[in-house]
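Taking it in order: structure first as structure tokens, then the write-up.
The values are calculated or read from the model by the stated rules, or taken from the named source; none is laboratory data. Keep in mind that what you see is a predicted model, and the values were worked out from it rather than measured. Glycine also receives a Cβ, built like all others from the backbone with ideal geometry; neighbour counts cover every protein chain displayed.
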Amino acid sequence: MSDEAMGNGMTYREAGVDLDTAASVKAELAGLVESTRTVAVRAGFGSFGGRFSPGGDGELVASADGVGTKLKVAFLTGRHDTVGQDLVNHCVNDILTEGAVPLVFMDYFACGKLDSSVVVDVVRGVATACRENGCALLGGETAEMPDFYPPGEYDLAGFVVGRTEFVGVAERSLNSGDRLLALASNGLHTNGYSFVRHLIFNKLKMTVDEPFPGTDLSVGGMLLKPHRSYLEALRASCAAGKIQALAHVTGGGISGNLNRVLPSELDATVRLRTWEPPVEFRFLAEHSGAAQVEMYRTFNMGIGMIAVVRPEDETEVLRSIKASGCPAWACGEIVPGSGRVRLEEEQA
């Protein structure tokens, strides 16, 4: 419809919502979404809903999450491609702990004023992680809401649906003497950013462009390292029935997540001397003065996932994880107790 045909009356664009820009962005996103398409997808891009035929047996497992205040770092740097990866990988890890692999993903992007380059960068990250995890980006929602978000800011959420393939993981059949295997995190992942931003930007007055001490990364580069997906690192061991339980280490740290897989009659002993927290965590501890207990309940401290295995499977599972390119090590064991996680300084 021509501008002349629109007349002189009020338009949606005048109120802050540009439908033409939205349509242009939607067309640009089509290719990204189609690049994740699998044979089970039953509807094309632009439908009112996504259709998917999972087939096979197993239960469906769903999860939803956001990226949190890590988005503030993306706003400061102008880099928006990694937060989409964060979103997908976090959700994939969550359902992996239930023995499920991802089938489909959907995203929700909301802003005050649509910036097409930002939206495309975010969804490009989402699509990249979907392809890497073997799931289809089935669709999503892009919402432009004037006056609701500050200029240059947005919110991002994601929703994954998967199907159980690794029954043993979900059953969580643990015994005293089982071993704990740590899978390395890729930095901060998506937790503790309110603490980090307050320290680095408010107290230390650092900028996103200056070097992060002890590394070859900028502050922004360090803080935007993507949340790691553990699906491929654990797939073979899960399929072989060698993983008894998995704990995704997110908000609440090791203790606040590993306890979620423990029965009431067992404890988990995590031996802190089996690894040295990476440089970013040591920097945060030194410059914040935070007590050890505060650090370990706020951050992952270098461990993004913990796998519980039988003693006889420990060596083989570690070998398989490391072969995927993910660093891993033995970090403790299951012992009699009352459902608690013990963080111990003693050397194993």
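What number of residues in segment 297-336 are modelled with pLDDT of 95 or more and part of a helix (DSSP H, G or I)? Residues that pass the stated criteria total 13. Yes or no: segment 59-77 includes at least one residue that is without any contact (Cβ under 8 Å) to a residue 60 or more places away in the chain and more than 15 Å from the chain's Cα centre (by Cα). There is no residue in segment 59-77 that is without any contact (Cβ under 8 Å) to a residue 60 or more places away in the chain and more than 15 Å from the chain's Cα centre (by Cα).
Within segment 252-289, restricting attention to residues that are part of a strand (DSSP E or B) and of a type in the set (A, V, I, L, M, F, W, C), which residue is surrounded by the most Cβ atoms within 10 Å (Cβ to Cβ)? Across segment 252-289, the extreme among qualifying residues is 268.
Screening residue 236 with (1) in contact with a Phe, Trp or Tyr (Cβ under 9 Å, 6 or more places away or on another chain); (2) in a helix (DSSP H, G or I) gives one miss only, at (1). Please work out which one of (1) surrounded by fewer than 18 Cβ atoms within 10 Å (Cβ to Cβ); (2) modelled with pLDDT of 95 or more is the condition residue 224 fails and give its number. Among (1) surrounded by fewer than 18 Cβ atoms within 10 Å (Cβ to Cβ); (2) modelled with pLDDT of 95 or more, the lone unmet condition for residue 224 is (1).
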